[in-house]
Structure formats: structure tokens, C-alpha cells
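What follows is calculated from the coordinates using simple rules that are stated; it is not laboratory data. Keep in mind it's a predicted model, so treat the numbers as computed, not measured. When we count neighbours, we look across all protein chains shown, and the Cβ atoms used for this are built from the backbone with ideal geometry, even at glycine.
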Amino acid sequence: MLSIRQILSPIDFSPLSLHALEVAQDIAKKYGGEILLLHITPVISDLPDSVSIRDEGKYENAQIRDAKKQLADLAAKLQRAGIQASTNVALSNDPGMEIVRNSENADIIVIATHGMTGWRNIAFGSVAKEVVENATCPVLVLRAKAAANSAESAAKAAAPISA
């Protein structure tokens with residue numbers, strides 16, 4: 001019998017990662033599992049033009065604080081649905097390996113193929129690919145196209161019917 005107690009759900013707050021979280025939620029409900037929400041913040045983030053290099057530490061702290069708040073909101077939503085959830089914000093410039101490091105107690109990782117990494121995927125390779133190649137537990141990879149179609153269908157279903 002398959003036992004899935006700990007589900008790692010990497011979240012970059014993109015629609016695709018949030019869709020992956022919905023799938024993780026379904027798995028958690030089916031198997032009585034717990035979800036670990038993980039967000040990775042770059043150690044040296046790309047500063048917006050409006051932020052001075054002298055304020056880099058403040059900016060990074062604000063990024064971490066915002067991520068913790070968003071993860072706490074997601075965890076509260078999961079808990080209202082009857083699913084145990086915990087959160088972690090990690091600092092790393094290598095999100096794939098940071099996900100792998102945080103998967104030590106995971107029974108499965110649920111990840112989308114593309115998030116907010118944009119052009120970095122082209123330059124540095126896919127985060128999901130790195131996770132699949134290095135994780136010691138099973139990895140459920142949700143393709144971007146399938147997740148986008150599912151999100152589009154959900155949006156259409158939720159839209160009000162006009163007369």
C-alpha cells in the first residue's frame with residue numbers, strides 16, 4: 001500500500017505552482033498526508049531599480065517577510081480544508097537543490113514544470129528537472145500546458161453567467 005504522509009510543495013506564488021499545490025492538496029486528502037509549503041528566496045536577489053544597493057538587506061528581509069505571510073495564508077487555507085500544513089522559507093540561489101535538501105522527510109514532491117523563473121530556466125536549466133534528477137523520493141511533475149488548461153477551465157467555471 002502506498003503511504004504518502006509528507007508532501008513537499010515548492011511554491012513561487014506563480015499560478016502554476018499554486019495549481020501544483022491544489023494537486024498536492026488532493027493527494028493529502030486522499031492519503032491523509034501533511035503538506036510542507038516551501039518557498040525559496042534568492043540570497044542575492046535582483047534589486048529593482050528603485051532600491052539602492054545600501055538597502056539590499058532591508059529589501060531581502062522584506063521579501064522573506066512577504067513570502068512567510070503568503071505561505072502562512074496558504075497554510076491556513078489548507079488547515080481550514082482539514083489538511084495539516086507547515087511552511088518554510090529558504091535562502092538559496094539554487095532552488096532545485098534547495099528543494100531536494102528540504103525533501104529529506106518527504107514521501108513525494110509535487111512541482112510544476114515552470115514557475116516564475118522565466119529566462120533563468122534557459123540559462124540555468126529547469127528547476128523541476130534538477131529536482132527529478134536529484135530527489136530521493138518520487139516527484140510528481142505537472143506540465144505547464146496541462147496546468148494552464150486546468151486553471152483556464154477553473155476560471156471559466158467560476159465566471160458568472162451573463163444573460
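In whole Hz and in residue order, list the ³J(HN,Hα) couplings for the range 14-27 that follow from phi through the Karplus curve 6.51 cos²θ - 1.76 cosθ + 1.60, θ = phi - 60°; x for Gly and Pro.
Taking θ as phi minus 60°, the curve returns 6, x, 5, 5, 6, 5, 4, 5, 4, 5, 4, 4, 4, 5 Hz for the range 14-27.
Amide H to amide H under 5 Å from Thr87: which residues, 5+ apart in sequence or cross-chain, H placed 1.01 Å off N in plane?
Leu37
Around Glu104, what is the net charge, scoring Lys/Arg as +1 and Asp/Glu as -1 over all other residues with Cβ under 15 Å from its Cβ?
Once positives and negatives cancel, what remains is -1.
Considering amide H positions built from the backbone, and no H for Pro or chain starts, which residues 5 or more places from Ser14, or on another chain, come under 5 Å of its amide H?
Result for Ser14 returns Met116.
Between Ser92 and residues 5 or more places away or on another chain, which pairs have amide H atoms under 5 Å apart, with H built 1.01 Å from N, and which residues are they?
Amide H to amide H, under 5 Å and 5 or more residues apart or across chains, Ser92 pairs with Thr41, Val43.
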